[in-house]
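Reviewing the structure listed below.
The values are calculated or read from the model by the stated rules, or taken from the named source; none is laboratory data. Just so it is clear, the structure is predicted and the values come from calculations on it, not from any experiment. All Cβ positions, glycine included, derive from the backbone under ideal geometry; neighbour counts span all protein chains shown.
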Amino acid sequence: MYAIKDISDHPKEIHRKLNQLSNTNKFVIVATLSGLSAIFQAAGGLLPGVGFFISPLATAPIILCSIVSFRYGFISYLLSILLLLILQPAELIIFPFTTGLLGIGLGAAFLKYKKRLSIVISGCLVLVMGISTVLYVFKFPLLGPAASTSFTTLTALGIILFSTLYSWIWVEISSACFKRIKVIIFQ
């Protein structure tokens, strides 16, 4: 079955290769990817319409930084938040609890697990916790008028289904990108 199929070793090989770099080179990579992540996330507020299709891409640079190491992924996450404070403060409630958090969770899961299903579930759990925190703790209408900020079973099931699908999509996109990144790095 496809869901329990192993993920390739590309993330671990990229991790090993990038960890051979000096700390200065790693920080340059982290800073560049953090800038990209902040720009992608800010696009949702700066470019109405088309920006909402660009802003989910903010997850990718955080995943890649988390592949270098969890520490660098977290630094990238914090740096992206600080850049968003300057570029688009309205995105500060969304990025830290959704796209950024998913990037850290998936990056760590790619290094820890081999099974595709384990990685998807890890990403799903992180995203469900982030969305639930924004929706039910901060009472921010993240999902718009479609979902109430008071807990309902139907909304919770919808969040879980969405998070699973979204996490699965990012696992597949990341796996495809890791193949290309590995080719570039190992030339």
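Here are the numbers for the structure shown:
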quantity: Qualifying residue in the stretch 82-89 (condition: buried (at least 20 other Cβ atoms within 10 Å of the Cβ) and outside any helix (DSSP H, G or I)); calculated: yes
quantity: Contacts under 7 angstrom Cβ, first residue in the stretch 166-187 being free of Cβ contacts under 8 Å to residues at least 60 places away in the same chain, partner surrounded by 14 or more Cβ atoms within 10 Å (Cβ to Cβ), 6 or more apart; calculated: W168/V120
quantity: Residues being surrounded by fewer than 17 Cβ atoms within 10 Å (Cβ to Cβ) and assigned to a helix (DSSP H, G or I) - total across the stretch 1-32; calculated: 14
quantity: P61, sole failed condition from (1) modelled with pLDDT of 95 or more; (2) over 12 Å from the mean Cα position of the chain (by Cα); calculated: (2)
quantity: Members of the stretch 178-187 that are surrounded by 15 or more Cβ atoms within 10 Å (Cβ to Cβ) and among the hydrophobic types (A, V, I, L, M, F, W, C); calculated: F178, I181
quantity: Scan of the stretch 1-41 for residues that are of a type in the set (G, A, S) and either more than 18 Å from C65 (Cβ to Cβ) or modelled with pLDDT under 90 (or both), ordered by number; calculated: A3, S8
quantity: In the stretch 33-52, residue surrounded by the fewest Cβ atoms within 10 Å (Cβ to Cβ) [restricted to those that are without any contact (Cβ under 8 Å) to a residue 40 or more places away in the chain and part of a helix (DSSP H, G or I)]; calculated: F52
quantity: Test: residue in the stretch 111-124 that is assigned to a helix (DSSP H, G or I), surrounded by fewer than 22 Cβ atoms within 10 Å (Cβ to Cβ) and in contact with a Gly (Cβ under 7 Å, 6 or more places away or on another chain); calculated: yes
quantity: Members of the stretch 130-161 found to be assigned to a helix (DSSP H, G or I) and in contact (Cβ under 8 Å) with a residue 24 or more places away in the chain, listed by number; calculated: G130, I131, S132, T133, V134, L135, A156, I159, I160
quantity: Filter pass, T32 being hydroxyl-bearing (S, T, Y) and more than 24 Å from Y166 (Cβ to Cβ); calculated: yes
quantity: Selection count, the stretch 90-101, where residues are assigned to a helix (DSSP H, G or I) and surrounded by fewer than 18 Cβ atoms within 10 Å (Cβ to Cβ); calculated: 2
